[in-house]
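The values are calculated or read from the model by the stated rules, or taken from the named source; none is laboratory data. These figures come from a predicted structure and were not determined experimentally. Glycine also receives a Cβ, built like all others from the backbone with ideal geometry; neighbour counts cover every protein chain displayed. Note: areas computed on protein heavy atoms with side chains; ligands, DNA, RNA excluded. Shrake-Rupley method; radii C 1.70, N 1.55, O 1.52, S 1.80 Å.
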Amino acid sequence: MYDENELYNEMVNTVKITGQTAISLIEQLNKLNEDIKTSDLLNTANSDFVFTGQSTDLRYFENCNEMPISMIENIPDENLKNAVKNELNKAALSGKIEINKQNGLISITAKGREFINLPEFKQAASVNLSSIIQQQSQTMQFTLTGTVQDLNFFNFADSLDLKDVISNSDKQAVQNILGNLGKMKESGLITVSDSVVKITDKGKSILNSDLFKLASKGTADKAIGTVTGAIVVAVKKAAETAVSLAKK
């Protein structure tokens, strides 16, 4: 478990942790890793497609006849996922698409193809896509290193989705980070529920302590970027705002 002296020492020396806590947390989250594995269907789908949560998401079918339902389920933002589901259900009710849960595919109909070929649709799709890309361009990246400095993540966001960690291909980095989170959880600095990590009042107290701020000096400036053996996750706040928060 962490105490304030260890917090400082680990920040300075970037001590890596191992042990039963790390192993048990990894085992507990292995099922999550299975849940987020990409369907084989995605190999032939446009996996880089940007959803907007608007009816113009039907633009996906400009180049594809079918969309795997798993693409929707794999949207990490729950609000966006629900918005996409609502719009697709509306499109299905109006006969523009067909949703087949048995084979896991959404297919566009002739009526839907006619709809997305309208100039008005193409114009609206362009506007919606430009808007969402502009919003996403304000998303910063935070580097998780598997050390106590990862607590600084909560200067930038309210919660961390573990699916963003365990889906990473660097399994050693995943183990380091999950192990460190397990140690933070044991110390009462964070809670883990349904793959979502949140900071506790105790964690906030540590995060705002002078000792921790001294130990993590410069972390905000290093939050954006890539470190060997680490995992970069997205944080949906403007980088400038996040950095200013971390310096408070």
Leaving ligands, DNA and RNA out of it, report the carbon-plus-sulfur percent of the accessible area of the stretch 92-206 at a 1.4 Å probe. 47
Under the classification rounded if a/c is under 1.5, otherwise prolate if a/b is larger than b/c and oblate if not, where does the stretch 82-213 fall, given a ≥ b ≥ c as square roots of the Cα gyration tensor eigenvalues? prolate
The stretch 74-164 - accessible surface per residue (Å², probe 1.4 Å): 54
Could you pull out the pairs from K171/K202; K185/K213; K81/K171; K85/K122 whose alpha carbons sit more than 24 Å apart here? K171/K202; K81/K171
Can you figure out the FRET efficiency of D77 with K213, using R₀ = 25 Å and their beta-carbon distance, to the nearest 0.05? 0.25
For the stretch 96-169, Kirkwood radius (reciprocal of mean inverse C-alpha pair distance, Å): 16.7
Note down the net charge around K81, summing +1 for each Lys or Arg and -1 for each Asp or Glu among other residues with Cβ under 13 Å from its Cβ. -4
Computed over the Cα atoms of the stretch 74-137, what is the convex hull's projected area averaged over all directions, in nm²? 5.2
